[in-house]
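Supplied in structure tokens, the structure appears directly below.
The values are calculated or read from the model by the stated rules, or taken from the named source; none is laboratory data. Computed from a predicted model, the values in this text were never measured in an experiment. Please note: Cβ atoms are built from the backbone with ideal geometry, for glycine as well, and neighbour counts cover all protein chains shown. Remember, those area values only see protein heavy atoms, side chains included, never the ligands or the DNA or RNA. Shrake-Rupley method; radii C 1.70, N 1.55, O 1.52, S 1.80 Å.
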Amino acid sequence: MTTDSTPAPTAPIPRATKRILLVDDDREIIESMRIALEAAGYEIVVARDGNQGLAMAEREDPDLVILDMMMPKRSGFLVLEKLRRTRPVPLKIIMVTANEGSRHKAYAEMLGVDDYIRKPFPMDRLLESVKRLLSC
């Protein structure tokens, strides 16, 4: 009498640590956000422009994206629009910008951004938003 020793298929194990994709072309801002978010227990992946951000969002399947508005190759608006149009399950997205215009904020909200933060911002403001969005 023989028994089948083939292991049963297992479901993917959910990540305990939430993964955040930072998409920004400013190294100092990326580094300060990365340090604060890693200290808060998040796993961080980084993209330096909009095209790389889209590719990383697809490959890394983050729980949240923090997206700069003004970047080379593809703006944050175009990244946001494409992510909203192509993802079957919408990603949580925070847009950060140094732009003061209220028109830009309204446009980002129309595209479905979850939060909009103007630079410079206190890191606590970003951490509160991340925590709120990831606990939904």
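Report in % the part of the accessible area of the chain that belongs to carbon and sulfur, leaving out ligands and nucleic acids; probe 1.4 Å.
The computed percentage sits at 53.
Moving to a separate point now. What FRET efficiency do you get for ARG27 and LEU134 if R0 is 30 Å and r is their Cβ-Cβ distance, rounded to the nearest 0.05?
Result of the calculation: an efficiency of 0.75.
Here is a further query. How much area per residue is accessible in the chain when the probe is 1.4 Å and only protein heavy atoms are counted (Å²)? Please list the in-between numbers first.
Working: 8160 Å² over 136 residues.
For the chain, the per-residue accessible area is 60 Å².
A follow-up question, please. Can you match P(r) over Cα pairs in 10 Å bins from 0, in percent to one of these, [x] 11, 30, 22, 15, 11, 7, 4, 1; [y] 9, 21, 30, 27, 13, 1; [z] 11, 44, 29, 7, 5, 3, 1, 0, based on a calculation from the structure here?
[z]
Taking 20 Å as the cut-off for C-alpha to C-alpha distance, list the pairs among LYS18/LYS73; LYS82/LYS105; LYS73/LYS131 that go past it.
Where the Cα-Cα span goes over 20 Å, the pairs concerned are LYS18/LYS73; LYS73/LYS131.
Say we join alpha carbon atoms closer than 10 Å with springs in a Gaussian network model of the chain; which of ILE35, ILE94, ILE66 then has the biggest fluctuation?
Of the options given, ILE35 has the highest mean-square fluctuation.
How big is D for region 95-136, in µm² s⁻¹ as a whole number, if Stokes-Einstein is applied with the Kirkwood radius of its Cα pairs at 10 °C and 1.306 mPa s?
Value of D from the Cα-based Kirkwood radius: 145 µm²/s.
At q = 0.19 Å⁻¹, what base-10 log of I(q)/I(0) does the Debye formula yield for region 36-75 when every alpha carbon is treated as an equal point scatterer in vacuo?
-0.57
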